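The values are calculated or read from the model by the stated rules, or taken from the named source; none is laboratory data. The model shown is predicted, which means the values in this text are computed figures rather than measured ones. Cβ atoms come from the backbone with ideal geometry, glycine included; neighbour counts cover every protein chain shown.
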Amino acid sequence: MYGANSPGFFRFPGKIVDMVKSREFGVLLALDGKGNVGGGMLWKWGGKMIDSFGPYIFTPQPGLVGEIVQGVLEKVGRKGAVCIVNRMPADDLLRNFFEELVESCPANRIRTTACHPPLYRQLEEDTGSVAYVHPEVEIFVKECYERLVLPRSVVATTHAGEFIEPHAAFGVQVDKKQNLAVISTIVAGIDAEEVLAGYVASLYEEGITRLEFEIDLGDETTPVLVPALHAVGFIPCYVLPWGGRGDILVFEHQGPRGF
């Protein structure tokens, strides 16, 4: 019913039930007087950030989306999480309760993502953190923080002669339903540009057309990858607050030119 606006794990309903039972996921359902499900929403705890999915409406009713979202916000509020995000909004009305992360960043960036941009809502006071960035993306990151009004100490860092592993290694999560591959760092190595180019070419050959790369701004070892990312066609897209050890800077690839 929701197609690309639902996560890949929805293909396995039994696993969703197990994850809710184990409290890895939370769920809120809207039921009528006969116990029929009118809609619902899922969320997953991840430290200071909560990932949410939905709301999924099966029996449209006026105000139902708002009731579900408010119910979720009441359940997750004051539980230690600083923010809640939704990377694949299932209903446009969700924008009445969240703000768009892409729109919070510089307006002159070239926007190429075809799916809904991620949505964000702050739950508790954000007391701040340190963000390690490469000078090539420092202005972009600072403008994102300014528009989101997030207190951050931005530290520009480059390679200053410290040891770097000779070989880079990356992890890839592929969601064919979303036609999306998300690449993240395992080891930042000297040959990062060559390795990344190989990943990009392979993913395009497999028919994946949306490629993203995530850099954890709480990890001071990863900013050295930014020149390699730019060299193979990635540009910064948005900052995801508290998506990892610190905030996550998400890059998107600009298409299969040369791949």
### Where a residue in the stretch 13-29 is more than 20 Å from GLY71 (Cβ to Cβ) and its partner, wherever it lies, is part of a helix (DSSP H, G or I) and not polar (S, T, N, Q), with Cβ under 7 Å and at least six apart
LYS15/PHE9
### Query
What number goes with the only condition from (1) in contact with an Asp or Glu (Cβ under 6 Å, 6 or more places away or on another chain); (2) buried (at least 16 other Cβ atoms within 10 Å of the Cβ) that ALA231 does not pass?
(2)
### Residue list for the stretch 140-160, filter: part of a helix (DSSP H, G or I) and either touching a residue at least 12 places away in the same chain (Cβ under 8 Å) or surrounded by 15 or more Cβ atoms within 10 Å (Cβ to Cβ) (or both)
PHE140, VAL141, LYS142, GLU143, CYS144, TYR145, ARG147, LEU148
### Query
What about SER153, is it over 23 Å from MET49 (Cα atoms) and either over 16 Å from the mean Cα position of the chain (by Cα) or not assigned by TED's automatic domain parsing to the domain that holds GLU252 (or both)?
no
### Query
Of GLY54, GLY14, GLY80, which residue is assigned to a strand (DSSP E or B) and either at pLDDT below 95 or in the same structural domain as ASP247 (by TED's automatic domain parsing) (or both)?
GLY54
### Query
From PHE163, PHE170, which residue is free of Cβ contacts under 8 Å to residues at least 12 places away in the same chain, not hydroxyl-bearing (Ser, Thr, Tyr) and not assigned by TED's automatic domain parsing to the domain that holds PHE9?
PHE163
### Task
Scan the stretch 161-174 for residues that are part of a loop (DSSP other than H, G, I, E, B) and loosely packed, with under 13 Cβ neighbours inside 10 Å and jot them down.
GLY161, GLU162, PHE163, PRO166, HIS167
### Task
Return yes when ILE235 is outside any helix (DSSP H, G or I), without any contact (Cβ under 8 Å) to a residue 60 or more places away in the chain and not aromatic (Phe, Trp, Tyr) and no when it is not.
no
### Summary
Of the residues in the stretch 199-214, those that are surrounded by fewer than 17 Cβ atoms within 10 Å (Cβ to Cβ) and either among the β-branched types (Val, Ile, Thr) or not assigned by TED's automatic domain parsing to the domain that holds PRO236 (or both) come to THR209
### Query
Within the stretch 175-188, can you find the residues that are modelled with pLDDT under 90 and in a strand (DSSP E or B)?
ASP175
### Summary
Matching residues in the stretch 82-95 (more than 14 Å from the chain's Cα centre (by Cα), without any contact (Cβ under 8 Å) to a residue 60 or more places away in the chain and under 16 Å from PRO118 (Cβ atoms)) number 4
### Message
Is it the case, given these coordinates, that MET49 is under 12 Å from GLY71 (Cβ atoms), aliphatic (A, V, I, L, M), touching a Pro at 6+ places or on another chain (Cβ under 8 Å) and modelled with pLDDT of 90 or more?
### Response
no
### Summary
In the set LEU180, LEU217, LEU196, the lone residue that is surrounded by 17 or more Cβ atoms within 10 Å (Cβ to Cβ), touching a Leu at 6+ places or on another chain (Cβ under 6 Å) and within 26 Å of PRO118 (Cα to Cα) is LEU217
### Message
Within the stretch 5-19, does at least one residue satisfy the condition of being within 22 Å of the chain's Cα centre (by Cα), closer than 30 Å to ASP126 by Cα and among the hydrophobic types (A, V, I, L, M, F, W, C)?
### Response
yes
